[in-house]
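The values are calculated or read from the model by the stated rules, or taken from the named source; none is laboratory data. What you see is a predicted model; the values in this text were computed from it and never measured. No Cβ is skipped: glycine too gets one built from the backbone with ideal geometry, and neighbour counts run over all protein chains shown. SASA here: full protein model, heavy atoms, side chains in, ligands and nucleic acids out. Shrake-Rupley method; radii C 1.70, N 1.55, O 1.52, S 1.80 Å.
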Amino acid sequence: MKVLKFGGTSVGSAQRIKNVAELITKRGRNIIVLSAMSGTTNSLVQISERLHNEDIDGAYGIIEGLKQKYARTLEEMFDDQVYLNLAKNKIQEIFDFIRLHTMSNFSERYEKEILAQGELMSTNIMHYYLLSQGVKSVLLPALDYMRIDENGEPEYNYIKANLSALLKASSDAEIYITQGFICRNPEGHIDNLQRGGSDYSASIIGAMIGAKEVQIWTDIDGMHNNDPRFVENTEPVHELAFEEAAELAYFGAKILHPTCVRPAQEHNIPVRLLNTLCPEAFGTLIHNSTETGKIKAVAAKDNIVSLKIKSSRMLLAHGFLKRVFEIFEDNKTAIDMITTSEVGVSVTIDNTKNLEQIKTELSALGDVSIDEDMVIICVVGDLKWQNCGFEADVLNAIRTIPVRMISYGGSNHNISVLVHKDDKINTLRLLSQHLFNS
């Protein structure tokens, strides 16, 4: 059995839902994980914001607009009146649930309950549509098996036991449909997985059932070797190691969240990235092995700020780096890149919420300079230090670009350089030209 996950754009309209239904019925007995229809979660967030601000009329307006959208979708999808009525009743039930939250003191708990409704709507629509087409579909309610602990981590034993029981109870199903993203917390309240959303759900499910493969279906042919928005003639990368995929995802390749495939990696379940608009394409296969001696891809991470702390007074002083890192830790700010010298240290961050406080505290250690509007360019592949020449190839390709920082050796799969945002596109193009097209 495989786990197939489809994102919001893949189920973003009546026709796209029909296309996904046709696609999954041709692939046998699998578990299908669905996100909310595109635009739905944004609307639910807006409803929650209005309710937090006690703007009940504003919330009602968004609810009504969303309800009309789903009414049109259902009318376009169903020819069978029986299943149309079943789907309408379920969607009405969900909107009634949302409206209930406009009549009480709104809280973060209620917000999470509202945000969960998008996935509940998309899965019920798909379920009833499959039934209308004569397919024996079974809904696996994620809220009946997906649970996180007090640290927000999946409770694997609970998930495996309850998911196995649900599958056993409906062993004659042709297709299983379940929700991504949503879960329950230790108190039993509705919550969500946050990072990676539905991709994370699919990875957890795949790991728990020992799936043959986890497939992440989007609207692009896998992970490309560069950003197709800025670079011409990019190509999908056929194979990546999990570590390589994580590096690319962390440093800007938004097709995949950097941590969401970890359960699949730990249980040695291959993950394949595929395109709903071109289902015959090979896509990108991510697994626990790698092609050696090869640079795979380039990605860019925007909105980076670099900080340089220079202090001859602290030259080689014991505890200097410790104090620098403590300042970022105390301000709950993660560091992306770091380089050091005898007289100072440079770091990059992408969260500037506490930048002024960080600068103030670092100033006690030395002179602090800040560069904003920077971009991390990440080159990924088999970059073990024994592979002579790869780092030279990267730097030679961008020899005309001013480089603020270079990070190499922290990983066997990554060389990162920091450039100004004005040099981003030229850097990406030069790397493609020299690394992939020469």
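Roughly what angle does helix 81-100 make with the longest principal axis of the chain, taking Cα atoms, 0 to 90 degrees, to the nearest 10?
For helix 81-100, the angle is close to 60 degrees.
By its C-alpha gyration tensor, with a ≥ b ≥ c as the square roots of the eigenvalues, how is segment 141-196 shaped: rounded for a/c under 1.5, else prolate for a/b larger than b/c, else oblate?
prolate
Kirkwood hydrodynamic radius, computed over distinct alpha-carbon pairs, for the chain: how many Å, to one decimal?
23.9 Å
Using the heavy atoms of the protein chains and a 1.4 angstrom probe, tell me the accessible area per residue for the chain in square angstrom.
Here the residues of the chain average 46 Å² of exposed surface.
Quick one: angle between helix 197-209 and the longest Cα principal axis of the chain, in degrees between 0 and 90, rounded to 10, please.
80 degrees
Percent relative contact order of segment 137-229, based on C-alpha pairs within less than 8 angstrom and at least six residues apart?
Values: 110 pairs, mean separation 25.4, N = 93.
Across segment 137-229, relative contact order equals 27 percent.
Measure off 7 Å from each Cα along the Cα-to-Cβ vector at residue 15 and residue 421, then give the distance between these two points in nanometres to one decimal.
3.6 nm
Roughly how many whole Å is it from the C-alpha centroid of segment 364-419 to that of segment 279-356?
Value for the Cα centre distance between the two parts: 10 Å.
Would you mind finding the longest exposed-site-free stretch of the chain, with exposed GluC sites (Glu not before Pro) meaning DSSP loop and at most 15 other Cβ atoms within 10 Å? Please list the in-between numbers first.
Values: sites that count: 54, 150, 174, 187, 232, 280, 291, 342.
By the stated rule (loop sites, at most 15 other Cβ atoms within 10 Å), 343-438.
With a 1.4 Å probe and every protein chain left in place, tell me how much accessible area residue 100 has, in Å² to the nearest 10.
110 Å²
If I stretch the segment between residue 166 and residue 302 completely, what's the gain in nm (0.36 nm per residue apart, minus their alpha carbon distance), one decimal?
This chain segment gains 44.7 nm when fully extended.
Using only the Cα atoms of segment 251-340, what do you get for the radius of gyration and for Dmax, in Å?
Cα-based Rg and Dmax for segment 251-340 come out at 19.8, 62 Å.
Rule-of-thumb check for segment 290-438: C-alpha Rg over 2.2 N^0.38 Å?
On the way: Rg = 16.5 Å, N = 149, 2.2 N^0.38 = 14.7 Å.
Here the Cα radius of gyration is 1.12 times the empirical estimate.
Is segment 167-274 best put as rounded, prolate or oblate by its Cα gyration tensor, with a ≥ b ≥ c the root eigenvalues, rounded for a/c under 1.5, and otherwise prolate when a/b is larger than b/c, oblate when not? Spell out each step's value before the answer.
Details: a/c = 2.14, a/b = 1.68, b/c = 1.27.
Taking the square roots of the gyration eigenvalues as a ≥ b ≥ c, segment 167-274 is prolate.
Carbon and sulfur: what percent of the chain's accessible surface (1.4 Å probe)?
C and S fraction of accessible area: 46 percent.
To the nearest 10 square angstrom, what accessible area does residue 352 show with a 1.4 Å probe?
We get 70 Å² for residue 352.
Per residue of segment 363-370, what does 6.51 cos²θ - 1.76 cosθ + 1.60 with θ = phi - 60° give for ³J(HN,Hα)? Whole Hz please, x for Gly and Pro, Karplus curve as stated.
Values, residue by residue: 4, 6, 9, x, 6, 10, 10, 10 Hz.
With all protein chains present and a 1.4 Å probe, how do 296, 160, 112 order by accessible area, largest first?
160, 112, 296
Taking the Cα centre of each part, how many Å lie between segment 96-150 and segment 222-252?
Spelled out, the Cα-based centre of one part sits 33 Å from the other.
Name the residues whose placed amide hydrogens come within less than 5 Å of the amide hydrogen of residue 192, ignoring near sequence neighbours (fewer than 5 apart) on the same chain.
When sequence neighbours closer than 5 places are left aside, the close amide H contacts are 183.
HN-Hα J couplings of segment 285-301 from phi, Karplus 6.51/-1.76/1.60, θ = phi - 60°, integer Hz, Gly and Pro as x?
9, 10, 8, 8, 9, 9, 6, 8, x, 8, 8, 9, 6, 10, 9, 10, 10
Starting from the 7 Å offset along Cα-to-Cβ, what nm value, one decimal, do you get for the label separation of residue 97 and residue 386?
5.5 nm
Counting only helical runs of four or more DSSP H residues, what would the 222 nm mean residue ellipticity of the chain come to if each run contributes -39,500 (n - 2.57) and the total is spread over all its residues? Write down the numbers at each step before the final one.
On the way: 14 runs with 171 residues, N = 438.
Result for the chain, helices only: -12000 deg cm²/dmol.
Just to be sure I understand: if I project the alpha-carbon convex hull of segment 46-151 onto a plane and average over all orientations, what area do I get in nm²? Kindly include the intermediate steps, with their values, before the conclusion.
Numbers: hull surface 31.3 nm².
That works out to 7.8 nm².
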